[in-house]
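Colleague: Pasting a structure here, questions to come.
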Amino acid sequence: MAELTPSVAAPATAAPAHHGPSYVKTWGILLGLLVVSVVGPMLEIRVVTLLTAFGVALVKAYIVAKYFMHIDVEKRYVTYLLFTMVVLMGLMVAAVSPDVLKHDGHRWENRAAKRSVVRGENSAKAAAALPGAVHH
C-alpha cells in the first residue's frame, strides 16, 4: 500500500501582475503636498497661501477619487454623476453665499450676526487693552 504524504506546492516563480496604484508613490505625492501646504502659508503671501491651500485640496481630492474610490475603473456614468454633483454643489454655494455673507439686505436685517461682530470687536479691544498684550 502506498503511503500518503502531504504534497508540497512549488513556490510561484512569477510575481502576480499589479495594475493598481503604487501606494508608496501615492504616499510620497501626499507627503510632498503636505510640505507644500505647510510652507505656503509660511511665506505670508495671501495669494500663495490661497493657491497652495486650494491647489493641494484639489490634487488630494483627485488622488482619492482616482485611486482609492476607483473612479477610473467605474462605468462612465459614475464619473458623470460625480461631476454633476460637484457642479450642483458649486451652484448652491454660489447661490446662497450672497445672502449668508451679508448682514442686511432689501427688507431684512441679520441682527444676531451684527451683535456677534460687535461682541468680537469689543473683546478684541478689551484684550488689546490688557497689560502685556502683544500688539501687531
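Colleague: Which count do you get for residues in the range 84-131 that are within 30 Å of LEU58 (Cβ to Cβ) and part of a helix (DSSP H, G or I)?
Modeller: So the count comes out to 17.
Colleague: Quick check: anything in the range 70-88 of a type outside the set (Gly, Ala, Ser), surrounded by 12 or more Cβ atoms within 10 Å (Cβ to Cβ) and in contact (Cβ under 8 Å) with a residue 40 or more places away in the chain?
Modeller: Within the range 70-88, not a single residue is of a type outside the set (Gly, Ala, Ser), surrounded by 12 or more Cβ atoms within 10 Å (Cβ to Cβ) and in contact (Cβ under 8 Å) with a residue 40 or more places away in the chain.
Colleague: When only residues in the range 85-136 that are of a type outside the set (A, V, I, L, M) and within 28 Å of the chain's Cα centre (by Cα) count, which is farthest from ALA65 (Cα to Cα)?
Modeller: By that ranking, first place goes to LYS102.
Read-outs: derived from the displayed coordinates by stated rules, not from any lab. Not measured: the values here are computed from a predicted model. Note that each Cβ is placed from the backbone with ideal geometry, even for glycine, and that neighbours are counted across all protein chains shown.
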